[in-house]
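**Student:** Please read through the structure below; I'll follow up with questions.
Just so it is clear, none of the values below were taken in a lab; they were calculated from the coordinates. Remember, it's a predicted structure, so these values are computed and weren't measured experimentally. Note: ideal-geometry Cβ built from the backbone for every residue, glycine included; neighbour counts use all protein chains shown.
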Amino acid sequence: NMAEDPVSLRLPANVVKGSARASISILGDLMGMALQNLNHLVQMPHGCGEQNMVLFAPIVYVLQYLERTRQLTPEIREKAVGFLHNGYQMQLLYRHRDGSYSVFGHQDGEGNTWLTAFVVKSFGQARKYIYIDDKNVQDALHWLEQNQLPSGCFAAKGSLFHSSLKGGANDEISLGAYVAAALLELGQPLKVSTLPSSPALCLQQAVHNITNIYTEAVLAYAFALSGDYETTQELLHKLEEQAIKSGGQIHWSPRPSSPVSTDFWPRTQSVDIELTAYVLLTYLSKPRVHAGDMTIAASIVAWLTHQQNAYGGFASTQDTVVALQALAKYAARTFSTGQALVRVKSQRGFGKTFQVTRQKRLLLQQAALTEIPGDFLVQVHGSSCVFAQVRWWDERGEVEDYSSSPRISWSCTHGMMVEGRGNWERPSDSLIFFLSYAGSRVTSNMVIVEVSLLSGFILAPESRMLVRSLESEKEEL
């Protein structure tokens, strides 16, 4: 069997001439890149209860996948378990006395429904690999039980930074579907005698009234996990009518009619990745998965893998968690022990060959691409999964694209003060930053502000930071 894919390297006009470098990475496993970078899948601070979970939950999915495919070595297990231990201890910092969890822990007035459900399912799944105090799981479940509404859904407690679950008429259903799916993944039946009402009742009543595509996707996944084949198929049919298909790839977006970006590298919205990953999970979690489902799943995977960053993660936290869960489930279903030969060539004479065998599936193989700009062809011969990724950077570090960032209005005032210190005086620069969200959504997600200080300057100890969490490293805040 042979497959090929053209790769075109084009550079934006503002790149410093001669500074660009590019490379191609080859792995024989769909989860290989994530496995190589378990501790930094997403390049962002990890100073809150949600961001910390991106260092925890995906590791569980990778371990589950490697176990199912018999690729888990003692070395990989030891490394992954170490990360899980650290992530578990860190997450307990965001635990409230009532068993719930919130973004900033005790600094918040109360626990967060969505984050508590996310944490409890992750802890439950991690119990196979590390010690998890059962009290932490049971207390969280009890807290969710106490915050269930008469309808069967759950009250949206605490501040929520997950904008896909807020700002619309389907908030209660989205959150209810998310919590229900979390309970099912944990192995908890939805018809629990201690609950005031079954979450399934809340969701069943909403099936025919959903107007939000994200809610449809999470709802479909919850029904797939519950074993309700008919309702799952009904929701998938509605989702298929809204699918965006192009070049053998399929994905979904809440804004399919959005204008095409004119940026050099338009970045996909985080919610598109998460939404599409939920649809993939639904296809793979149905009580009966048919050949046609796997064909659609393959096209979804083709789109998702094109959205991965150079570390195996995605744009943000929750899309990384859900997408890697979906990819791990797909990779386990399609795993094969075949071999492949990968050739990368260009019309100008470049050529490189990679051998992918069972023994080298998880080995990261790389080669520099010396023709920039240039056109390359990647050819694969054989019967094995091959993951290929091209990345490029210049002397300023990896090129970043902020085209999809929320619109931020900001201003800065600057002043100079002279402070007396004994017999000498020290000038002190004062900078005040004003930032506000100016986008179209009701509220923004969590905002991360990174300030780089000029050479020779440090942050004064008495500086006032109106933030919940501050991470300082060298000349960056």
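**Student:** Obtain the nm distance between the two label points defined at ASN39 and HIS142 by a simple spin-label model: each point lies 7 Å from its Cα along the Cα-to-C-beta direction.
**Tutor:** Label at ASN39, label at HIS142, 3.6 nm between them.
**Student:** Between ALA3 and ARG127, what is the FRET efficiency for a Förster distance of 35 Å, r being their Cβ-Cβ separation, to the nearest 0.05?
**Tutor:** Details: r = 40 Å, r/R0 = 1.14.
Rounded to the nearest 0.05, the efficiency is 0.30.
**Student:** Using Cα centres only, tell me the gap between the stretch 358-394 and the stretch 79-96 in whole Å.
**Tutor:** 34
**Student:** On to the next question. Regarding the stretch 29-333, what is the average projected area of its C-alpha convex hull, in nm²?
**Tutor:** Values: hull surface 61.9 nm².
Averaged projected area of the stretch 29-333's Cα convex hull equals 15.5 nm².
**Student:** Using a Förster radius of 22 Å, what is the FRET efficiency between GLN366 and VAL81 based on their Cβ-Cβ separation? Nearest 0.05, please. Could you put the intermediate results ahead of the total?
**Tutor:** On the way: r = 27 Å, r/R0 = 1.24.
Rounded to the nearest 0.05, the efficiency is 0.20.
**Student:** Roughly speaking, what % of Cα-Cα pairs in the stretch 80-144 are separated by over 15 Å, rounded to a whole number?
**Tutor:** Details: 920 of 2080 pairs.
The answer is 44 percent, as a whole percent.
**Student:** Give LYS286/LYS352; LYS121/LYS238; LYS245/LYS360; LYS135/LYS238; LYS17/LYS352; LYS238/LYS345 a once-over and call out the pairs whose C-alpha atoms are over 31 Å from each other. Please report the intermediate quantities before stating the final value.
**Tutor:** Numbers: LYS286/LYS352 41 Å; LYS121/LYS238 28 Å; LYS245/LYS360 33 Å; LYS135/LYS238 41 Å; LYS17/LYS352 25 Å; LYS238/LYS345 42 Å.
Distance filter (> 31 Å) returns LYS286/LYS352; LYS245/LYS360; LYS135/LYS238; LYS238/LYS345.
**Student:** Please give, to one decimal in nm, the separation of the simple spin-label points placed at LEU72 and GLU240, each 7 Å out from Cα toward the Cβ.
**Tutor:** 3.5
**Student:** What's the extension gain from PHE457 to ASP293 if we count 0.36 nm per residue and subtract their Cα-Cα distance? If you can, show how the numbers build up before the last one.
**Tutor:** Numbers: separation 164, 0.36 × 164 = 59.04 nm, distance 5.76 nm.
Residue separation times 0.36 nm, minus the Cα-Cα distance, leaves 53.3 nm.
**Student:** Can you sort TYR330, TYR101, TYR129 from fewest to most other Cβ atoms within 10 Å of each residue's own Cβ? Display every interim value, and only then the final one.
**Tutor:** Details: TYR330 23, TYR101 31, TYR129 17.
Taking fewest neighbouring Cβ atoms as first place, the list is TYR129, TYR330, TYR101.
**Student:** Tell me, in nm to one decimal, what length is gained between GLN89 and GLN204 on full extension, where the rule is 0.36 nm per residue of separation less the Cα-Cα distance?
**Tutor:** Here the answer is 37.7 nm.
**Student:** If we count every other residue with Cβ under 13 angstrom of THR305's Cβ, Lys/Arg +1 and Asp/Glu -1, where does the sum land? The partial results should precede the final answer.
**Tutor:** Working: positive: none; negative: ASP5, ASP29.
Within the 13 Å Cβ shell, the charges total -2.
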